[in-house]
Ligand code: FES
């Protein structure tokens, strides 16, 4: 099965560990993620100003690229790209006046009215691969690994683009279970990591990160699974700071859900680019014999 | 048909044989022969170029010109030396537009995307309005190469920006106030010099040059008198010229100087 795929800029640079594992693992599951031949940055954040149409141009263009290809589905992996694309898509579907203005402005593009469906990879796996098939494809079950899912904000807010309704969401949990890991119910699963506030209000952002990691840790998690490079920056890459100065009692490695998938499907761990994760991630998986120790 | 061409309001400047059409240069009407390029039409109308004109061959990028046609909201663009006048067009040349170019130390600059991001942080102000692509007289997909640079794909950016002639019209339209063409040039330099594998035949040629392979020929030329130079340049026997639509494999029969 082939499906149009929007990578986003971060997956091409700082989060190769998120993209390469997704492409490799999905291939094992019989799905080819076909990158759009032309795409631009999604804009990264949805503008909250009602009349700020300018910042809708970038995500809508990406949706037009998918439509141009004759695709009715566009899969994406980064939570932020998902949120931005899905919200732009809703606007094009539901707001006739703004849709008209945007279509007129982009007079070099075919008109667009939300024909493409934006799908996050977790939902795509749920609906197009299915938990049974996923379970059957696992070569190296993550037995005994205690994994806490972390949705953060952008997969579930606002409600109209939520991959599943927040609080009741189970897709991440089922995904973790299908890989043979031990699911840890995470009371901080929908908390905010501090997001871009790390730039303007670093103290508050770091405190938020420390608190939510603490919640998962208290439930006995070994590792926190996520799907957003910005969340991983706040929660993973800055974790040593959280332990040193912000009251996080002990470390909790973070990992992209696609890396868990790649490991469980038995893919070569070099594909996982663990060097891009917090250093605790690789050592945890090595300790549990889920990846072999490799000389770096 | 032979007519007397009125230029400006009432000055008679030339007798020419062709149809005349009105064009408006910076708002002022001139009636010019309809077969001229914008550049020639402006000269016909009395303009003298000391800037905004270089090669006259569509290569140097000095003569970027924007125009509008009657009953059409679109901004059109062309190189003045290449674009033929159209009846009723309103035009102005934009031979130069102020643009930020960051000086960087090529030797010290690492071949990573972050180096370009640091030199040109305004890259991230792009909102994908596409005004740059729409104005490019060379049909370079400017917005697309900006997108490629933002994701660190230098190979793609190099490929997409290759036809750029640095006219700067993209920068004149950019609402993010960046100079796309300078950024692309930095990327091409880094990609060409530090990432793309070196061309081995080039190194061989450089060695040949250093070893003096062309020295004698050049000395001869330097000493030659005008008549000899003219003969070498003009004569079909002395100078074999590559045909206009030659195949890729074309080689001169006499390759003594290659
Ligand atoms: S004068 Fe050089 S491109 Fe027109």
message: Being buried (at least 20 other Cβ atoms within 10 Å of the Cβ) and within 14 Å of chain B (Cβ to nearest Cβ): is that true of residue A:66 here?
response: no
- prompt: Mind checking which residues of the range B:90-100 are surrounded by 15 or more Cβ atoms within 10 Å (Cβ to Cβ), over 17 Å from residue B:24 (Cβ atoms) and away from the ligand (no atom under 16 Å from the Cβ)?
  reply: B:99
statement: Out of (1) within 22 Å of residue A:231 (Cβ to Cβ); (2) more than 10 Å from chain B (Cβ to nearest Cβ); (3) at pLDDT 95 or above, the one residue A:46 does not meet is (3)
Residues of the range B:33-89 that turn out to be within 14 Å of chain A (Cβ to nearest Cβ) and away from the ligand (no atom under 14 Å from the Cβ), as a count: 5
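For (1) within 14 Å of chain A (Cβ to nearest Cβ); (2) in contact with a strand residue (DSSP E or B) (Cβ under 7 Å, 6 or more places away or on another chain); (3) within 21 Å of residue B:78 (Cα to Cα), each residue gets a yes or a no:
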position	(1), (2), (3)
B:147	yes, no, no
B:157	yes, no, no
B:162	no, no, yes
B:165	no, no, yes
B:172	no, no, yes
B:183	no, no, no
B:189	no, no, no
B:197	no, no, no
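Where in the range A:134-240 are there helices (runs of 4 or more DSSP H), lying wholly inside it, with at least 2 residues that are surrounded by 21 or more Cβ atoms within 10 Å (Cβ to Cβ)?
On the way: elements: A:171-178, A:197-200, A:202-218, A:229-232.
Fully inside the range A:134-240 and qualifying: A:171-178, A:202-218, A:229-232.
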Wholly within the range B:198-256, helices (runs of 4 or more DSSP H) carrying at least 1 residues that are at pLDDT 90 or above and farther than 28 Å from residue B:188 by Cβ: B:215-223, B:226-234
query: Do we find a residue being in contact with a helix residue (DSSP H, G or I) (Cβ under 8 Å, 6 or more places away or on another chain) and within 16 Å of the ligand (Cβ to nearest atom) anywhere in the range B:210-229?
result: no
- line: A careful count of residues in the range B:139-163 that are within 16 Å of the ligand (Cβ to nearest atom) and surrounded by 20 or more Cβ atoms within 10 Å (Cβ to Cβ) gives 1
task: Would you tally the residues in the range A:2-22 being closer than 18 Å to residue B:156 by Cβ and in contact with a strand residue (DSSP E or B) (Cβ under 8 Å, 6 or more places away or on another chain)?
output: 4
- request: Could you pull out the residue among A:13, A:84 that is within 14 Å of another protein chain (Cβ to nearest Cβ), under 20 Å from residue A:121 (Cβ atoms), without any contact (Cβ under 8 Å) to a residue 40 or more places away in the chain and within 16 Å of the chain's Cα centre (by Cα)?
  value: A:13
message: Can you pull out every residue in the range A:37-49 that is more than 16 Å from residue B:145 (Cβ to Cβ) and buried (at least 19 other Cβ atoms within 10 Å of the Cβ)?
response: A:42, A:43, A:44, A:46
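Within the range A:104-114, identify whether any single residue is farther than 26 Å from residue A:159 by Cβ, away from chain B (no Cβ under 13 Å) and surrounded by fewer than 24 Cβ atoms within 10 Å (Cβ to Cβ), and answer yes or no. Spell out how you get there, then give the answer.
So the first thing to find is which residues in the range A:104-114 are farther than 26 Å from residue A:159 by Cβ, and the list is A:104-111.
Those still in the list that are away from chain B (no Cβ under 13 Å) too: A:110-111.
Now narrow it down to the ones that are surrounded by fewer than 24 Cβ atoms within 10 Å (Cβ to Cβ): A:110-111.
Yes, the conditions are met somewhere in the range A:104-114.
Quick one: how many residues across the range B:28-53 are within 18 Å of the chain's Cα centre (by Cα) and not in a loop (DSSP other than H, G, I, E, B)? Steps first, answer last, please.
Going through the range B:28-53, the residues within 18 Å of the chain's Cα centre (by Cα) turn out to be B:37-40, B:49-53.
Those still in the list that are not in a loop (DSSP other than H, G, I, E, B) too: B:37-40.
The qualifying residues number 4.
Please determine whether any residue of the range A:75-83 is surrounded by fewer than 21 Cβ atoms within 10 Å (Cβ to Cβ) and modelled with pLDDT of 95 or more.
No, the range A:75-83 has no match at all.
The values are calculated or read from the model by the stated rules, or taken from the named source; none is laboratory data. All values derive from a computational prediction rather than experimental measurement. Note: ideal-geometry Cβ built from the backbone for every residue, glycine included; neighbour counts use all protein chains shown.
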